[in-house]
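Every number here is computed from the coordinates shown, using simple stated rules; none is lab data. The structure presented is a predicted model; accordingly, all values stated were derived computationally and were not measured. Methodologically, a virtual Cβ is constructed for each residue, glycine included, from the backbone with ideal geometry; neighbour enumeration extends over all protein chains shown.
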Amino acid sequence: MNQIEFYEAKLAYETDSWDVFEALNNGDNNLIVIDARAKEAYLKEHIPNSINIPHKTMSEESTKNLDKNKIYVSYCDGIGCNASTKGALNLSKLGFKTKELLGGLDWWKRDGYETSGVNATKGTNISCGCN
């Protein structure tokens, strides 16, 4: 694998909060955000309109209503948490197209996007400078 192939492959499996926000904000119905954390964490705070499927419970049964033609972006708290990786791996094993959200919920909030849940934040729409 050369450098170009490496970076193309990396972008095929990872995404950032700006890309996800833009896709959702522009009505991309092909992208579904999955919160791979425990239900309690999801209820406290999560990315708006995300679906909570804890990585430990991902199975054919728990994902039977998901469309395998969509792209699923898995996320967790952020650096120091690998639930997003485990979620993306589990969904991939079940035949779904997946990406992992870099920085998880932490970077989502750092980039100024609002959250939902008991501890929801309004967001400030600060650009990360990556776009």
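Miscellaneous remarks
- For the stretch 1-101: rounded, prolate or oblate by the Cα gyration tensor [a/c cutoff 1.5]: rounded
- Computed E for Asn29/Ser62 - FRET, C-beta separation, R0 25 angstrom, nearest 0.05: 0.70
- Theoretical FRET efficiency, 1/(1+(r/R0)^6), r = Cβ-Cβ of Lys122 and Lys44, R0 25 Å, to 0.05: 0.95
- Thr15 sits among other residues whose Cβ lies under 9 Å from its own Cβ, and their net charge, with Lys and Arg +1 and Asp and Glu -1, is -3.
- Entries in Lys64/Lys109; Lys44/Lys93; Lys10/Lys109; Lys97/Lys122; Lys10/Lys97 that, when Cα-Cα distance is taken, lie over 26 Å: Lys64/Lys109; Lys44/Lys93; Lys97/Lys122
- Environment charge at Leu105 (Cβ cut-off 12 Å; Lys +1, Arg +1, Asp -1, Glu -1): -2
- The chain: calculated mean residue ellipticity at 222 nm from DSSP helix runs of at least 4, using -39500 (n - 2.57): -9500 deg cm²/dmol
- Segments 70-78, 28-36 sorted - mean Cβ within 10 Å per residue, highest first: 70-78, 28-36
- Listed residues His46, Asn82, Val20: farthest to the positive end of the dipole of the stretch 14-110 (Cβ charges): Asn82
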